[in-house]
Amino acid sequence: MTHHQFLRRDLGRIVLFVFSLAAGLVQAASEETTQAAGSPAFESAVARQRDADTLKALSADGQILYQRERVKLDGYQYCSQAVAQAERGELRDSIRSASKALHVGQAQGNDDLVAVSKRDLAIAYSYAGDLPRAAQYAREALTHQASNPPIVAGPAYKILGDVAARSGKLPEAIDFYAKAYEAASDRYRPLVQLSLANAYVANGDAARGRALYGQIPEPAGTLQPLYQRGLGNLLLVEGKPAEALKAFEAAATVASGPDAAYHRLWALEGIARSNLALGDKAAARVRYVEAAKQSEVIRARFRSEEFKTGLFGDVQKIFGQAIALSMDAGDIEGAWALSERSRARALLDIVRDRVTGADEQVAAVGLKEVTAALRKGETIVQFHSLDDRLLVWILSVNGLQGRSLQLPRSQLDAAVEGLRQAIFERRRNAVELAAGVYDKLLGPLGLAADERLIIVPHGGLHFLPFQALRGPEGFLIQRNPLAIEPSASLAVQLARKSAIASSKLVAFGNPANSAREDLPGAEREVQLIGKLFPDKRVFYQRDASKSRFLEAAGAGRILHVAAHAEVDSVDPLHSRILLAAEGNDPGFLEAREVYGVDLEGVSLVTLSACESGLGRITRGDEILGFTRSFLTAGASGLVASLWPVADDSTELLMTTLYGELSRGSEAIDAMRRAQIAVLTQKKFAHPFFWAPFNLIGDWRLRADG
């Protein structure tokens, strides 16, 4: 059996690792990381991910989308749509609109339309944090003859400058911004001037920054508070924190209109940095906490002005500073509460009004509520990753403890990435790496054996298979039952819903979809699981369609989906499960559509699909993708995978899991026994086979017999 045959799912669109950017957005792992992988299958998967959005593919997608349009628009209208969608944060839709414009331009031989469409692709990918593609399409746009060169060349050079600035290449950014200034239209030029001035300041060249600010007329309207904030940053670089404080206070004063609260938020952040520069940590902490609270009253929406001027506002950075200063002041509970609130804020920032009812699931709860919901023998281990350290809170019926581990974010992310890659490639040193991560991450915490561990990850830790960490007594799953939660608040909400689920199964196996190969192992898996449930509705191949899912998914207490899944690294709400095609419907069930399905009666959703648990992570928070969509739709618990899985081992794991549930085991114990059942098989001893699945949500869930 070849490696490709052995893998249950086509490797699809692999996302090696996701790093956070200054904008609070993310991008896929770097080419250097990609090239380090050794497995041919791994390299092939990465190549497919890298090529998935090439111009050829985008043009082909644009053609298909255009042909499906009932009302076909002029190519330039699609460009207008693309820009508007990008500025609303609907990034995948923006790319689709630009792709339609690209197709129309190529079909008509309209070089100007092609140039504009590539400019818009560059804008969308820049907002998404996919810097290599943003730069690629910006350069592509510059190769075409535009009818109105400034509207293409100005933004294209500006994007190249943004990419360089966000990559830490400030001299290169300055060069591109200078070119953008020369090429830009009169209307666009002030934005470029601000970006150029900010780049000089960030590069420590206060003299040139000052000279340029002296040339920029103080703008009115939405740019005025941005101008004042930039001036405050300049004054800080010049070593004038008292004057900087006044500039940021002015930014708060001049803020007006619908975005006034947002601008005041960032003015508070500047005031806090000025307080730090003046040596007043207590005042800085007050301002950072005030700014964090301010963020909660702001309606989440995408604010492209921040990107246009190069002032990339990351709300999670504010929370991080407030948390760090609170821990330094000995306020462990206050720091924990801020971490919880940051997770709620991040969800709003991502869904941006695109998910009805999302607000209902983002409220943080207090410490007493969380500890009161725990039972003896249950411990929440909650992480928050900062630039210079890793904070850990341990919550139990006995209260709260706080720890600070000397694990800078860059080191932690590298360790997680290295372990994931070793597991994926089934390397022998995976166990050694797992022991190293255990020693750094859990060893110092003194957690008791057999204690139920409810893990709340943060940042890159969302990609870590905690069950595969290895201590002196063996793998962590052999020592402790485990469950994963997006936040302690959500864990409490789900635990309150905990009940005995009826053994009514709704399952979808091996949907017939021409976009991926057949999955006979998935069909056999569902057949075996179905034997454990006398009351069931099971759909295979052509019957396992999107329409059947929308109609039947909420009818059972246990929902099982064994199918292909694809993670959308540009917009996680467009991540999709590939169900059976019907007529003109390709059968793609997107995460954003799951939010609208009533799953309130569903106790457990199992996504037996490659990388179903992956999604976007923000600089301070949780993963978004299928995880949040199913939980927000009403499901109490979720089983999802972190990497492509193998047929035989998954079959054993799933049948053991459901068998344990049918015998009355709680979900956290059932998952532990299922993973141990697989790892004790000699041929499946490597973590690749038994460690991909996480139990997320209601760890106490039970099913009747």
Cβ-based charge dipole, the range 467-618, positive-most Cα from LEU604, ALA553, PHE539: LEU604
Global form of the range 88-183, assessed from the alpha-carbon gyration tensor, a/c cut-off 1.5: oblate
ALA178 paired with GLU582, simple spin-label distance in nm, labels 7 Å along Cα-to-beta-carbon: 6.1 nm
Qualifying lysines (Cα of each under 22 Å from Cα of LYS118; at least 8 residues distant if same chain): LYS56, LYS72, LYS100, LYS158, LYS179, LYS308
Positive dipole terminus of the range 629-694, leading residue within ALA674, SER662, LEU638 (C-beta point charges): ALA674
Straight-distance crosslink candidates among lysines, where the alpha carbon sits under 25 Å from LYS293 and sequence neighbours closer than 8 are dropped: LYS246, LYS281, LYS317, LYS368
Spacing of the two label points (7 Å from each Cα toward its C-beta) at THR143 and GLU243, in nm: 4.7 nm
Estimated vicinal HN-Hα couplings, Hz - the range 487-495 in sequence order (Karplus 6.51, -1.76, 1.60; Gly, Pro = x): 7, 5, 4, 5, 4, 5, 4, 6, 5
Gain upon complete extension [LYS682, SER80; 0.36 nm per residue less C-alpha separation]: 210.9 nm
FRET efficiency for ALA211 and ARG428, using Cβ-Cβ distance with R0 set to 56 Å, rounded to 0.05: 0.40
Reach of LYS504 by Cα under 22 Å, taken over lysines that are not fewer than 8 positions away in the same chain: LYS531, LYS536, LYS546
Length gained when the stretch ASP111-GLN478 is fully extended (0.36 nm per residue, less Cα-Cα span): 125.9 nm
FRET efficiency estimate (nearest 0.05) - Cβ-Cβ, ALA448 to ARG496, R0 22 angstrom: 0.30
Rounded to whole Hz, the Karplus (6.51, -1.76, 1.60) HN-Hα couplings of the range 122-131, x for glycine and proline: 4, 4, 4, 5, 5, 4, 6, x, 8, 5
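Since every read-out is calculated from the coordinates, none of them should be taken as a lab result. Bear in mind that the values here come from a model prediction, so they are computed numbers and not experimental data. For neighbour counting, all protein chains shown are included, and Cβ atoms are generated from backbone atoms with ideal geometry for every residue, glycine included.
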